[in-house]
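Taking it in order: structure first as structure tokens, then the write-up.
Laboratory data are not the source of any read-out in this text; all were calculated from the coordinates shown. This structure is a prediction, so every number in the text was calculated from the model and none was measured. Here the Cβ positions follow ideal geometry from the backbone for every residue, glycine too, while neighbour counts run over all protein chains shown.
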Amino acid sequence: MGRDIREELNRAIETEVEGFSFYNLASELVKDERGKAVLRQLAKDELDHIRALISLGEHLSHGGEWPSYRDAVKLGRGIGGERLPVFPSMEEVRGWLSDNPGDEEILRFGIDVERKAIEYYSRALEEASSDREKDFFSTMVEVEEGHRKLLEWEHDYLVRSGFWCDHREFTVEGER
């Protein structure tokens, strides 16, 4: 394996920590109640990712083979809050956004964060050397892609584009 998997996992954990911090803050800033619920769920998902990645690192460092994503999540559920990495401060997260971000800006920022996560895990997938490693990173790409779609759907709903979950809810022509 031509790469240091521990370094890669640490970068992945840092990425997920940033995602958790963003979604946690964003859920407080967004005014739309449905948007708040979506962002809270995404923060919870990012916390599961952090725990899965930490448990994966521990598992591999003890000579274990690559677990599936689901097994890593199960292993990670035993990790308590004290053992998680220190999250960036809310001031740092606020610095990622303007002083008074609106719901639309927050959702666009979240979409961008998810695109970066997808790119990261896609690169890790390309560099994976075993089927189990490929399975793990493939699942991470799928999960992050699901997050991106959810945020895009919420954005479409918010800006009233006529689409929700990639389905047209209404047409401009029908609004006459």
Inset, instruction - State the extension gain, in nm to one decimal, for the chain segment bounded by Asp131 and Glu7, taking 0.36 nm per residue of separation less the distance between their alpha-carbons. - result: 42.6 nm
Legend entry - Karplus-derived 3J(HN,Hα), 6.51/-1.76/1.60, for each residue of the range 5-19, Hz, glycine and proline x: 5, 5, 5, 5, 5, 4, 5, 5, 4, 4, 5, 5, 5, 4, x
Legend entry - Protection-proxy order for peptides 126-133, 69-76, each taking the mean of Cβ atoms within 10 Å per residue, highest first: 69-76, 126-133
Inset, instruction - Pop out the ³J(HN,Hα) list for the range 118-127 in order, Karplus 6.51 cos²θ - 1.76 cosθ + 1.60 with θ = phi - 60°, rounded to Hz; leave Gly and Pro as x. - result: 4, 4, 4, 5, 5, 5, 4, 5, 4, 8
Inset, instruction - Give, in nm to one decimal, the length gained when the segment between Ser122 and Arg40 is fully stretched (0.36 nm per residue of separation minus the Cα-Cα distance). - result: 27.0 nm
